[in-house]
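Notes to accompany the following structure.
The values are calculated or read from the model by the stated rules, or taken from the named source; none is laboratory data. Predicted model, so just to flag it, every value in this text is computed and none were measured. Cβ atoms come from the backbone with ideal geometry, glycine included; neighbour counts cover every protein chain shown.
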Amino acid sequence: MSFPTGARLVVFGCGYVGGAVARRAAAFGIEVTAFTRNADTAQRLRADGIATVEGDLASDAWHASVPAADFVVNTVSSAGNGIDGYRHSYLNGMRSLLRWASQHPAPRRALYTSSTAVYPQDGGVVVDETSPTGGSERADVLLAAERAFLEDEGLGDSRLVFRLAGIYGPGRRHLVDQVLAGEVSGSGSHHLNLIHRDDISAAIFAALDETRPLRREVLNLADDGAARKSDIVQWLSQRLGVPPPRFTGQPASGRRTVTPDRIIANTRAKQQLGWRPQFADFRAGYENVLAATAD
């Protein structure tokens, strides 16, 4: 993969996923500016030699501090505080980003990471990018941010929305910790759709590769192996040498409802980007998580 000499990238919402993107881009020789609201994250990025701007994406106060870029990636996540946090980070943050973009030449490519939480389907059905969306406050906020990103004219024609399944990877061991504690949220009969942090980063770089055509569209990102949560938890308990935990049947902390039972299809991302997940199922992914913990 090659990028234009002197290429510049801005990664907004440069946290868990965005930090991996920023560090990988710097390794490619791209001039990176990272934008984050978290002071500790900013300190770690600077320690890795990455130019970093701290601020609230939903504000306009940062606009003069972030330079124009050839490539723009927005990997923002919720700031907490329920639906208000979603609206602040995703929708108001996107609107501010678009106002910033209107002050500069359009980037060569722009990418945005949304969420498969936009899908309401249940009952174990397969969900692709043509499936109906919406139906909850959270989904509607996420969809409004997607529309703003795709419809605004300040970002050029080469732009893409990724809808991410449940993100995990090194340092993200929530399910592991629940298994060790003997109690897991949700229902064991539901499928758990996952995507490893490094596979998200790989998909983003596949989309930034200008040898591949890119149009305004939405792609799901999930691994190849959606499995029932009970199967994943049983494997983890055996791998960790602990008794199988019980399922609470209740939502995870900070959520109003249990995640619906569905299978997120990744076929279109593979076709459009030539991308394949390195961590194709939960076994490969959690071996990586556990190895990172051991290190």
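Quick notes on this one:
- Residue in region 225-247 that is of a type in the set (Asp, Glu) and either in contact with an Asp or Glu (Cβ under 9 Å, 6 or more places away or on another chain) or under 30 Å from Asn81 (Cβ atoms) (or both) present: no
- Scanning region 10-40 for residues that are touching an Asp or Glu at 6+ places or on another chain (Cβ under 9 Å) and under 21 Å from Gly80 (Cβ atoms) yields Gly19, Phe35, Thr36, Arg37, Asn38, Ala39.
This table checks each residue for (1) modelled with pLDDT of 95 or more; (2) not aliphatic (A, V, I, L, M).
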position: Ala139; (1), (2): yes, no
position: Ala165; (1), (2): yes, no
position: Tyr168; (1), (2): yes, yes
position: His174; (1), (2): no, yes
position: Ser185; (1), (2): no, yes
position: Arg216; (1), (2): no, yes
position: Trp235; (1), (2): yes, yes
position: Gly249; (1), (2): no, yes
position: Ala252; (1), (2): no, no
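- Qualifying residue in region 122-129 (condition: in a helix (DSSP H, G or I) and not acidic (Asp, Glu)): no
A quick yes/no check of all residues on (1) touching a Cys at 6+ places or on another chain (Cβ under 8 Å); (2) of a type in the set (Gly, Ala, Ser); (3) over 20 Å from Ala203 (Cα atoms); (4) surrounded by 17 or more Cβ atoms within 10 Å (Cβ to Cβ):
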site: Val17; (1), (2), (3), (4): no, no, no, yes
site: Gln43; (1), (2), (3), (4): no, no, yes, no
site: Ala47; (1), (2), (3), (4): no, yes, yes, no
site: Gly55; (1), (2), (3), (4): no, yes, yes, yes
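- Hey, Ser96 touching an Asp or Glu at 6+ places or on another chain (Cβ under 8 Å), of a type in the set (Ser, Thr, Tyr), at pLDDT 95 or above and part of a helix (DSSP H, G or I) or not: yes
- For region 166-206, a residue qualifies if it is in a strand (DSSP E or B), out of contact with any His (no Cβ under 7 Å at 6 or more places or on another chain) and surrounded by 18 or more Cβ atoms within 10 Å (Cβ to Cβ), and the qualifying residues are Gly166, Ile167, Val184, His191, Leu192, Leu194, Ile195, His196.
- Tally, over region 228-249, of residues that are part of a loop (DSSP other than H, G, I, E, B), surrounded by 13 or more Cβ atoms within 10 Å (Cβ to Cβ) and not hydrophobic (A, V, I, L, M, F, W, C): 3
- Scoring Arg276 on the criteria (1) surrounded by 14 or more Cβ atoms within 10 Å (Cβ to Cβ); (2) under 26 Å from Asp122 (Cβ atoms); (3) of a type outside the set (S, T, N, Q) leaves a single failure, condition (2).
- As a summary of the residue check, Gly6 satisfies the conditions (1) touching a residue at least 40 places away in the same chain (Cβ under 8 Å); (2) under 24 Å from Ala106 (Cα atoms) except for the one numbered (1).
- Region 151-163, subset closer than 15 Å to Val73 by Cβ and over 15 Å from the mean Cα position of the chain (by Cα), residue modelled with the lowest pLDDT: Gly156
- Which listed residue, of Arg283, Arg268, is in a helix (DSSP H, G or I), in contact with a helix residue (DSSP H, G or I) (Cβ under 8 Å, 6 or more places away or on another chain) and either surrounded by 15 or more Cβ atoms within 10 Å (Cβ to Cβ) or small (Gly, Ala, Ser) (or both): Arg283
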